[in-house]
Amino acid sequence: MIANLAESTTEDGSGPDVAMSKSKHFGLVGGLGVGATVLYYQGIAAACAERNIVPRLTMANAHAPTALALVQAGRIEDLAAYLAGFVGELAAAGADFFAIPAITPHICLTDLKRQVTLPIVDILQVTAQRLRDRRLSRVALFGTKFTIDGNLFGRSMPSTSFIRRMARSTRSIASIWGWRLEVGFGRR
């Protein structure tokens, strides 16, 4: 059924395949920040809908406890290799680029970039650019111990001052994200 829709067109050429051909194939390495993955998906779907484009999206689901164990053990190169396997799946599925909708895994970004051919949407760089565009120089940072202590954002945004608050528990972060999802955070 999906294949038939993708191959069909209207007489004026504005059928489903034209919209799909305008869409890049986006890959997500999900499972590492489920709440963030949901927000990414909602954002992609909304942005495509605004442009009358059918989103082409593939997600490979990594195992968060495995990734966290590698980070905790300081095995950053192994984390990159682990994530590279998922990026390979996305490439094999036809993705044009990918993102990891979680901050902590970006700790291995340098190693990961050496191991994969797909371009990454680097959320640290995107965030840095948005802060510069908005002329924000002091922001609050919430996250895991590795996000806070790892200075991931500090390297991307050296002129930004961060108020670092460590989440007391996973439940704290879950309650923040749960509230934001419930009230439609990220929607216009």
Exercise for the section: Would you mind stating whether LEU28 is modelled with pLDDT under 90 and either closer than 14 Å to ALA102 by Cβ or part of a helix (DSSP H, G or I) (or both)? Expected result: no
Handout entry: Residues of the stretch 85-102 classified as under 15 Å from the mean Cα position of the chain (by Cα) and under 20 Å from ALA36 (Cβ atoms), total
Key = 10
Practice task
For LEU109, work out the one condition from (1) hydrophobic (A, V, I, L, M, F, W, C); (2) under 22 Å from GLY74 (Cβ atoms); (3) in contact with a Gly (Cβ under 8 Å, 6 or more places away or on another chain) it doesn't fulfil.
Solution key: (3)
Exercise for the section: Mind listing whichever residues of the stretch 31-58 are among the hydrophobic types (A, V, I, L, M, F, W, C) and in contact (Cβ under 8 Å) with a residue 60 or more places away in the chain? Expected result: LEU32, ALA36, VAL38, LEU39, ALA46
Fill in the blank from the handout: Among GLU11, GLU77, the single one that is assigned by TED's automatic domain parsing to the domain that holds VAL116, modelled with pLDDT of 85 or more, more than 14 Å from LEU118 (Cβ to Cβ) and surrounded by fewer than 18 Cβ atoms within 10 Å (Cβ to Cβ) is GLU77
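Listed here are the residues, each with its yes/no results for (1) assigned to a strand (DSSP E or B); (2) at pLDDT 80 or above.
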position: ALA95; (1), (2): no, yes
position: PRO101; (1), (2): no, yes
position: PRO105; (1), (2): no, yes
position: LYS113; (1), (2): no, yes
position: THR117; (1), (2): no, yes
position: ARG132; (1), (2): no, yes
position: LEU136; (1), (2): no, no
position: ALA140; (1), (2): yes, no
Problem - Residues being under 16 Å from GLY27 (Cα atoms), among the aliphatic types (A, V, I, L, M) and assigned to a loop (DSSP other than H, G, I, E, B) - total across the stretch 40-80 - result: 2
Completion exercise
Of the residues in the stretch 73-109, those that are in contact with a helix residue (DSSP H, G or I) (Cβ under 8 Å, 6 or more places away or on another chain), without any contact (Cβ under 8 Å) to a residue 60 or more places away in the chain and not charged (D, E, K, R) come to ILE76, LEU79, ALA80, ALA81, TYR82, LEU83, ALA84, HIS106, ILE107, CYS108, LEU109
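The values are calculated or read from the model by the stated rules, or taken from the named source; none is laboratory data. Source: prediction; values computed, not measured. Using ideal geometry, Cβ is built from the backbone for each residue, glycine included, and neighbour counts are taken over all protein chains shown.
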